[in-house]
1. Can you find even one residue in the stretch 279-287 that is within 16 Å of ligand 2 (Cβ to nearest atom), modelled with pLDDT under 95 and surrounded by fewer than 19 Cβ atoms within 10 Å (Cβ to Cβ)?
2. Residue 259 passes all but one of (1) touching a strand residue (DSSP E or B) at 6+ places or on another chain (Cβ under 7 Å); (2) part of a helix (DSSP H, G or I); (3) over 20 Å from residue 382 (Cα atoms); which number fails?
3. All but one of (1) within 24 Å of the chain's Cα centre (by Cα); (2) crowded, with 18+ Cβ neighbours inside 10 Å; (3) more than 25 Å from residue 216 (Cα to Cα) hold for residue 91, so report the exception by its number.
4. Cβ contacts < 6 Å: first residue closer than 25 Å to residue 40 by Cβ, restricted to the stretch 1-15; second residue loosely packed, with under 14 Cβ neighbours inside 10 Å and at pLDDT below 95, any location; separation 6+ or different chain. Result?
5. Go through the stretch 20-52 and give me each residue that's surrounded by 14 or more Cβ atoms within 10 Å (Cβ to Cβ) and within 16 Å of ligand 2 (Cβ to nearest atom).
6. Of all residues in the stretch 205-242, which are in a loop (DSSP other than H, G, I, E, B) and within 12 Å of ligand 1 (Cβ to nearest atom)?
7. Among strands (runs of 3 or more DSSP E) lying entirely in the stretch 1-77, which contain 2 or more residues that are over 24 Å from residue 97 (Cβ atoms)?
Ligand SMILES: *Cc1c(COP(=O)(O)O)cnc(C)c1O
Ligand SMILES: [Zn+2]
């Protein structure tokens, strides 16, 4: 049992209404469960495979989900980087290990399942790349047509390749992501497509399972801090919401300090936290190499500010150089391949640790959000090209000298 509730004015809506923002005040909606009616134990959950659907009692889908076996991603102990930073309990949850290579799959398995249960005939999103890749794959699995809008020239190659190959109708607009989202929102309202950006409250339900899994992987212990890269701010909001539910169920007794990291050229949430603003000032011309978080007007800012403030967390920005340096360090010192936006979370921890803002004893889970292969062009630009030689052993030996 659940309903949709406005986070601002508290208006409630029936769960089968096709609605993305409050009719009364225009603010965001959230899914509210009747937690007293939820009958499940942690032991029961622990007997199921680690995946989004382990937690199905806290998800809105009632029938058979549209699933590609999402979730159950590895939690790696960052021993080398942690040692360098003096943080012995530093972990990375590698969301790049999901079916299409990003955490968006956790949202789309729920979102596309709900689209079907609600009887929607087609789905749509605007995307910096990963949302479109994921939606295209889940729409294919669910047998439902899909339209995606991308900012022309600003989407990493691997992500466009995925959206095209999975059969989405891919449209590039001469404008940025924020504009693409406005356009697709209007299209969905006027033409009855189902909108699966993170303004969709059901999609975020799937994403909250990142926090559930991290706790289960730490043997049921709540980390002291969870660190996420922030673009539209849906993911950090989702993880916080889920943990609040676990707390209300009595499964955990405290929350991690929710910590959001943005790119310096695209950091409106960081500015709102630093300047203690209630309403965020959009960044008109966001710019960063981390295209997945190149977003000037984060749709879920209202929820994210609550998540950060209510848990005593913080927000920080990192430069593109710091992001790329951490992408290399994760790859070369830990064997973990992530795309630039993903490295932002760990780069942010490096920065906060160097500023002395992190307690050395903290147990920290950084969410690394997408796979290295998403953005091969940025990788190739950073690395020396392969050494090409004649096909004989002396040439090989001299090349290796
Ligand atoms: C979508 C995405 C983000 C940003 O998540 P938000 O929920 O928009 O804050 C970060 N990293 C990657 C790789 C993503 O695909
Ligand atoms: Zn409202």
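The values are calculated or read from the model by the stated rules, or taken from the named source; none is laboratory data. This is a predicted model, so every value here is computed, not measured. With ideal geometry, Cβ positions are generated from the backbone for all residues, glycine too; neighbour counts draw on all protein chains shown.
1. Among the residues of the stretch 279-287, at least one is within 16 Å of ligand 2 (Cβ to nearest atom), modelled with pLDDT under 95 and surrounded by fewer than 19 Cβ atoms within 10 Å (Cβ to Cβ), which makes the answer yes.
2. (2)
3. Unmet condition: (3).
4. The qualifying pairs are 1/37.
5. 20, 21, 22, 27, 28, 29, 30, 31, 32
6. Those that are in a loop (DSSP other than H, G, I, E, B) and within 12 Å of ligand 1 (Cβ to nearest atom): 208, 230, 231, 232, 233.
7. Numbers: elements: 2-6, 29-33, 75-77.
In the stretch 1-77, 2-6, 29-33 are the strands (runs of 3 or more DSSP E) which contain 2 or more residues that are over 24 Å from residue 97 (Cβ atoms).
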